[in-house]
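Worksheet: the structure to be examined is printed underneath.
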Amino acid sequence: MPEKKITLSVSVNGVAHTATIEPRMLLSDFLRHELGLTGTHVGCEHGVCGACTVLLDGRSARSCLTLAVQAEGVEIETVEGQGSVDQLGRIQEAFRQHHALQCGFCTPGFIMAITDMLRHHPLESDEQIREALSGNICRCTGYEHIVNAVRELARERGPLT
Amino acid sequence: MSLHDHSVELRPKLVGKRVKRTEDPRLLAGVGQYVDDMAPAGMMHVALLRSDQPHARILNIDVGEAFSVPGVIAIYDATDLENEVRPAIPTSRMPDYYATPIWPLARHKVRYVGEPVVAVVAESRYAAEDALEHITIDYEPLPFAIRQVDAVKDDAPLLHEEAGTNTIIRREFKRGDVDAAFESAAVTVKGRFRMTRKTAVAMENRSYLAEWDARKQALTLYTSSNIPGVIRDVLSGCLDLPGTRLRVVAPDVGGSFGGKGSLYGEEILVCALARKLKRPVKFVSDRLEDLSATSQAFDELIEAELAVTEDGMLIGLRADVIGDVGAYSIYPWTAALETVQVVSFLPGPYRMEHYRGRIRGVLTPKPPTGPYRGVGRPSSTFAMERLIEMAARKLGMDPVAFRRKNLVNADEFPYRTASGIIWDKSAFQECLAGACAHVNYPNLLLERDEARRDGRWVGIGLASYAELTGIGSRISVAPGMPINTGTETAKIEIDATGAITAAFGIASHGQGLETTLAQVIVDELGCKLEDIEVKHGDSALVPMSSGTYASRSAVLGGGAATLAARVVKGKVLRAAAYLMEQSIDDLDMHDGIVTSRNSNCTMTLKEIASAVYSQMGRIPRDQREDLAASETYDPYLGTACSSTHLAMVEVDPETYGVKVLRYVVAEDCGKIINPMIVDGQVQGAVAQGIGAALLEEIVHDDQGQTVAASLADYLVPVATNVPDIGIVHIEADLPNNVGGFRGMGEGGTIGAPATIANAVSDALSHLSVSVETLPVTPERIFRMLQARRDPAAAVTD
């Protein structure tokens with residue numbers, strides 16, 4: 001049953017938002033339905049598929065397993081912060097170049113997970129790349145083109161310092 | 001040297017190029033628009049109370065305190081909608097068939113766990129789900145037979161009493177004298193093959209939003225469907241609305257793989273509720289609802305037997321198949337789609353004189369089976385290709401040589417199969433040779449044998465198959481069903497600004513058809529890619545369309561685009577000939593510029609469009625034509641697409657886990673429009689087939705409850721389950737076809753289960769076990785080995 005609403009202050013892609021919400025509201029629903037940031041998708045609502053992946057203070061998290069109120073004071077990054085239709089971000093461009101998406105539904109989750117991987121994961125071999133990607137499900141591509149995109153991005157980045 | 005042909009030869013074509021997709025930027029930037037991304041003002045949400053009983057009479061529904069939940073607007077069961085909608089009837093001309101009516105909510109009885117019974121409408125999904133907690137349904141449990149082997153029996157409890165039987169489909173294909181062939185055979189092999197129940201698991205769950213326009217008394221349904229035209233046509237009857245007041249739009253759709261290719265009761269429901277309540281109504285399935293109520297796949301029990309001569313020629317095949325079709329026959333495909341294809345495709349790409357294939361489709365209290373990438377052929381190919389490898393082994397022949405001997409040869413096309421399918425010219429033999437060459441087959445055998453000497457359980461498996469794609473009007477996709485699957489329409493218009501709109505009835509949901517159809521049009525019309533806007537997935541675009549399924553959109557959409565582009569180009573050049581004072585024979589258009597081989601004079605498409613539409617009197621009125629055309633293409637027979645898959649796998653002797661070490665696909669899909677997209681389709685479909693072979697299984701327990709209730713139970717492949725796929729493209733010429741394209745989106749799912757089953761059987765050959773049930777999970781391998789060691793302890797599937 002609905003509970004007393006709570007005021008929440010977060011930053012999403014560098015923009016501050018304040019909203020009054022039910023404490024049970026999922027972060028995914030908050031982003032999608034309260035803020036209208038529908039780039040974050042919901043594929044399973046139980047933390048397996050990874051379509052809802054966002055960054056919380058720089059680390060990837062399942063927004064379908066996070067209550068919005070848990071993000072109080074947190075810097076949230078979503079796919080909308082990566083680039084725009086007329087100016088795609090680097091990961092987005094690599095996905096396009098390598099045909100690493102088909103229906104596009106899981107793609108925002110992959111892009112956010114890869115953002116985290118590129119910051120924190122060695123990604124030195126295909127095996128490591130596949131292991132790192134195995135927390136996200138894509139039903140269309142068979143992953144090979146996604147692996148190709150990540151391999152190129154990891155090479156560009158160079159070894160983790 | 002002749003000058004005049006040069007310019008033509010040098011013109012770069014887009015068909016065949018790795019053109020980056022035009023749909024990508026919006027999807028990558030997170031501004032694609034899937035149904036659940038839409039939120040019109042005043043929108044309400046529906047949550048459904050679904051049956052927790054496999055078969056029961058509904059005695060009473062008590063809403064309790066549900067209306068006390070803030071935000072709850074209305075609660076409905078089937079009785080409230082009796083006068084609002086008519087059921088959809090998946091009719092068929094097949095004899096002895098019973099068409100189960102499809103209602104939005106269960107009436108009187110429930111017939112599977114997950115069937116919608118009560119709908120709550122509320123201001124938010126949270127409130128709607130809160131209300132569900134207050135509602136109780138009293139059921140009187142009814143007897144049921146959950147397994148097809150029980151449901152098919154004469155005394156089995158009936159799921160639909162009106163049908164008088166659970167067996168609602170029977171079909172038999174026969175050629176020659178199969179029993180005599182078996183009597184004369186030197187070698188026979190047989191198996192009892194089970195392709196267990198699967199589900200599509202598109203990453204976007206099914207989503208529907210209906211908007212009622214009170215001013216126009218018109219309804220728009222936004223649906224995650226890949227058949228919006230079919231949905232419009234059937235809802236027109238269910239809702240008694242003409243097509244002018246009923247529009248069905250499939251916006252961005254997050255995959256289907258067949259699961260979104262049928263009518264769902266929830267689509268009827270949101271439309272009826274939006275009209276009744278005069279506000280927009282949205283329903284979005286969650287994953288549990290998807291796993292328990294989206295159409296499912298396969299679930300056949302195939303008893304099949306193959307007869308071979310001493311020198312390795314196939315002479316006879318007989319099969320008896322029981323298909324578990326679930327609780328309803330699905331619209332529009334009917335329960336015949338999956339089941340009948342199993343026996344019509346069973347002889348595969350091989351010469352087979354004597355054949356008898358029987359199918360019975362049986363109702364059970366499970367979600368309906370329906371289209372799933374590959375339809376019927378993943379099961380038929382699994383059974384047939386296992387028999388092929390079993391026969392080769394028994395004969396002591398190499399399975400590749402055995403296949404080579406029996407595949408239909410180039411000089412035998414067109415070849416009529418035992419079930420009446422016609423294989424046009426397709427690269428059956430070349431695909432087999434191509435796959436073997438790609439992996440250096442003789443070396444791979446040595447590699448396998450060396451690994452075996454080290455005690456490793458390594459095996460190699462192949463599968464060859466052919467599929468009918470881009471089917472025209474000669475045969476229906478499913479026998480005797482109520483829709484036309486043989487045509488598609490393209491409408492191309494150049495407007496007064498010189499921009500080009502190409503509208504189709506097909507509904508791309510990951511295939512990249514916005515890009516590939518534009519590539520086809522660029523080459524035919526001679527315009528720029530960026531000047532074309534491809535529209536699709538909207539019933540208002542063309543008078544009739546059955547959508548994107550059955551590997552048809554490149555063939556039929558591409559064919560229609562070619563025809564329409566040719567007509568429009570004729571109109572452009574006629575206008576240009578007048579404006580440029582040139583003979584039309586001397587003109588051509590490329591990159592949106594009309595040039596003449598006799599003068600330096602050129603005109604852009606924009607200038608021509610402006611002259612035609614906006615400059616009054618520039619063209620005499622008796623010569624002025626709109627730069628537009630609508631053309632419909634019917635490929636009549638359809639095209640054969642063929643392939644050979646080859647895999648090497650390793651079974652872990654400790655865990656019985658299977659790892660795919662090598663995988664190659666050699667395929668003939670005719671002229672390739674975009675190799676990048678074709679590769680993506682092959683890789684994705686093979687991954688899905690590997691899932692079907694090793695991981696995926698919908699399980700209903702003896703109580704009829706669905707056991708795979710989350711993605712932690714129903715395992716789809718992740719990046720570590722799938723290897724890189726070697727791909728060999730063979731582009732055989734295609735006679736009697738406008739574009740020369742064959743359909744190819746499904747093939748990987750057809751070949752992979754059989755290939756993996758053969759490779760695992762080969763890896764376990766020293767233990768004398770044979771894979772006859774998929775997925776071949778570690779548990780199944782354990783049980784097979786246990787049964788071999790101790791037959792008394794065996795637990796059968």
Fill in the blank from the handout: For helices (runs of 4 or more DSSP H) lying entirely in the stretch B:370-444, having 1 or more residues that are touching a Phe, Trp or Tyr at 6+ places or on another chain (Cβ under 6 Å) picks out B:377-395, B:399-406
Exercise for the section: For the stretch A:108-124, state whether one or more residues are assigned to a loop (DSSP other than H, G, I, E, B), aromatic (Phe, Trp, Tyr) and not assigned by TED's automatic domain parsing to the domain that holds A:His41. Expected result: no
Completion exercise
Those residues of the stretch B:242-286 that are among the charged types (D, E, K, R) and within 12 Å of chain A (Cβ to nearest Cβ) come to a total of 4
Practice task
Could you tell me whether any residue of the stretch B:512-521 is within 14 Å of chain A (Cβ to nearest Cβ), not in a loop (DSSP other than H, G, I, E, B) and not polar (S, T, N, Q)?
Solution key: yes
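Inside the stretch B:114-228, counting only helices (runs of 4 or more DSSP H) that do not spill past its ends, which hold 2 or more residues that are away from chain A (no Cβ under 14 Å)? Before you say what the answer is, go through the steps one by one.
Details: elements: B:125-132, B:148-151, B:178-184.
Passing ranges, in order: B:148-151, B:178-184.
Here is a yes/no grid of residues against (1) in contact with a Gly (Cβ under 6 Å, 6 or more places away or on another chain); (2) under 16 Å from B:Val738 (Cβ atoms); (3) hydrophobic (A, V, I, L, M, F, W, C); (4) not in a loop (DSSP other than H, G, I, E, B):
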{"residue": "B:Met616", "(1), (2), (3), (4)": "no, no, yes, no"}
{"residue": "B:Glu631", "(1), (2), (3), (4)": "no, yes, no, yes"}
{"residue": "B:Thr644", "(1), (2), (3), (4)": "no, no, no, yes"}
{"residue": "B:Ala666", "(1), (2), (3), (4)": "yes, no, yes, yes"}
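Hey, any hits in the stretch B:713-726 for a residue that's within 14 Å of chain A (Cβ to nearest Cβ) and modelled with pLDDT under 95?
Taking the stretch B:713-726 first, the residues within 14 Å of chain A (Cβ to nearest Cβ) are B:713-726.
From what is left, the residues that are modelled with pLDDT under 95 are none.
No, the conditions are met nowhere in the stretch B:713-726.
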Exercise for the section: Quick one: A:Cys64 ticks every box in (1) at pLDDT below 95; (2) in contact with a His (Cβ under 8 Å, 6 or more places away or on another chain) except a single one, so which number is it? Expected result: (1)
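Those residues that are among the hydroxyl-bearing types (Ser, Thr, Tyr) and either surrounded by fewer than 17 Cβ atoms within 10 Å (Cβ to Cβ) or part of a loop (DSSP other than H, G, I, E, B) (or both), I need them from the stretch B:60-111; list them, please. Break it down stepwise before answering.
Residues of the stretch B:60-111 that are among the hydroxyl-bearing types (Ser, Thr, Tyr), as a first pass: B:68, B:76, B:79, B:91-92, B:97-98, B:100.
B:Ser68, B:Thr79, B:Thr91, B:Ser92, B:Tyr97, B:Tyr98, B:Thr100 - these are the residues of the stretch B:60-111 that are among the hydroxyl-bearing types (Ser, Thr, Tyr) and either surrounded by fewer than 17 Cβ atoms within 10 Å (Cβ to Cβ) or part of a loop (DSSP other than H, G, I, E, B) (or both).
Among the listed residues A:Arg155, A:Arg151, identify the single one that is in a helix (DSSP H, G or I), surrounded by fewer than 24 Cβ atoms within 10 Å (Cβ to Cβ) and within 12 Å of chain B (Cβ to nearest Cβ).
Details: A:Arg155 fails: within 12 Å of chain B (Cβ to nearest Cβ).
Checking each option against the conditions leaves just A:Arg151.
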Exercise for the section: Please find, among B:Gly751, B:Gly740, the residue that is crowded, with 23+ Cβ neighbours inside 10 Å, under 29 Å from B:Asn226 (Cα atoms) and of a type outside the set (Ser, Thr, Tyr). Expected result: B:Gly751
Problem - the stretch A:79-96, residues that are at the interface with another protein chain (Cβ under 8 Å from one of its Cβ atoms), of a type in the set (S, T, N, Q) and surrounded by fewer than 19 Cβ atoms within 10 Å (Cβ to Cβ) - result: A:Ser84
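So, in the stretch A:1-24, how many residues would count as being facing chain B (nearest Cβ under 10 Å) and touching a Lys or Arg at 6+ places or on another chain (Cβ under 9 Å)?
Of the stretch A:1-24, the ones facing chain B (nearest Cβ under 10 Å) are A:1-2, A:22, A:24.
This time we only want the ones that are touching a Lys or Arg at 6+ places or on another chain (Cβ under 9 Å), so: A:2, A:22.
Residues in the stretch A:1-24 being facing chain B (nearest Cβ under 10 Å) and touching a Lys or Arg at 6+ places or on another chain (Cβ under 9 Å): 2 in total.
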Fill in the blank from the handout: Within the stretch A:43-60, the residues that are assigned to a loop (DSSP other than H, G, I, E, B) and surrounded by fewer than 24 Cβ atoms within 10 Å (Cβ to Cβ) are A:Glu45, A:His46, A:Gly47, A:Val48, A:Asp57, A:Gly58
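Being among the polar types (S, T, N, Q) and under 18 Å from B:Lys17 (Cα atoms): is that true of B:Asn674 here?
Working: among the polar types (S, T, N, Q): yes; under 18 Å from B:Lys17 (Cα atoms): yes.
Criteria met by B:Asn674.
Can you give me the number of residues within the stretch B:459-476 that are touching a helix residue (DSSP H, G or I) at 6+ places or on another chain (Cβ under 7 Å) and over 30 Å from B:Pro442 (Cα atoms)?
2
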Practice task
Examine the stretch A:101-110 for a residue that is within 30 Å of A:Leu8 (Cβ to Cβ), surrounded by fewer than 23 Cβ atoms within 10 Å (Cβ to Cβ) and more than 7 Å from chain B (Cβ to nearest Cβ), and state whether such a residue exists.
Solution key: no
Problem - Unmet criterion (only one of (1) polar (S, T, N, Q); (2) in contact with an Asp or Glu (Cβ under 6 Å, 6 or more places away or on another chain); (3) free of Cβ contacts under 8 Å to residues at least 24 places away in the same chain) for B:Asn600 - result: (2)
Exercise for the section: Considering every residue within the stretch A:115-132, establish whether at least one is under 24 Å from B:Val35 (Cβ atoms) and in contact with a Leu (Cβ under 8 Å, 6 or more places away or on another chain). Expected result: no
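The values are calculated or read from the model by the stated rules, or taken from the named source; none is laboratory data. All values derive from a computational prediction rather than experimental measurement. Heads up, the Cβs are rebuilt from the backbone with ideal geometry, glycines too, and the neighbour counts pull from every protein chain shown.
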